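Below: the structure, in structure tokens.
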Amino acid sequence: MNRHEIGGDPCSDLLKDADSISYFEVNMPLYVQREGYEETLKRCIWGYHRLSPKMKEICQNITYSHDSLDKILKEAVSKASEGNKDGLTHS
């Protein structure tokens, strides 16, 4: 069951995708209330990197009832696509 965090075989990869996409679909609205914008952005970038290419497409089409959540997701996708792995600014 620990492999759901890293994948590596078809079953573990499926669990990893399900775990990762559930953050965006279910947990992110609560996470931002608890942790704030910056921490949520970092968590989204990290979570987006875990997604398979197919799940990344699905994630990019998620919309929320609050514009601020849409903004975080769009920024996270953009930064993750630029290669930012952890959401931190590196110099």
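Just so it is clear, none of the values below were taken in a lab; they were calculated from the coordinates. Model, not experiment: these values are computed from the prediction. Quick reminder, even Gly has a Cβ in these numbers, built from the backbone with ideal geometry, and neighbours come from all protein chains shown.
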Inset, instruction - Choose one of Gln60, Val32, Ala76: the residue whose Cα lies farthest towards the positive end of the charge dipole of segment 8-81 (beta-carbon charges +1 Lys, Arg; -1 Asp, Glu; about the Cα centre). - result: Ala76
Inset, instruction - Please give the contour-minus-distance gain from Glu35 to Asp13: 0.36 nm per residue of separation, less the Cα-Cα distance, rounded to one decimal in nm. - result: 5.1 nm
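Take the alpha-carbon positions of segment 8-81, form their convex hull, and give its projected area averaged over all directions (one quarter of the hull surface) in nm². Provide the component values of the computation, followed by the final result.
Numbers: hull surface 18.4 nm².
Spelled out: convex hull of the Cα atoms, projected over all directions, averaged, 4.6 nm².
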Inset, instruction - Could you pull out every one of the lysines with an alpha carbon less than 18 Å from that of Lys42, ignoring same-chain neighbours closer than 8 positions? - result: Lys56, Lys71, Lys74, Lys79, Lys85
Inset, instruction - List, in order, the whole-Hz ³J(HN,Hα) value for each residue of segment 40-51 obtained from phi through the Karplus relation with A = 6.51, B = -1.76, C = 1.60 and θ = phi - 60°; use x for Gly and Pro. - result: 5, 4, 4, 5, 5, 4, 4, x, 5, 5, 6, 6
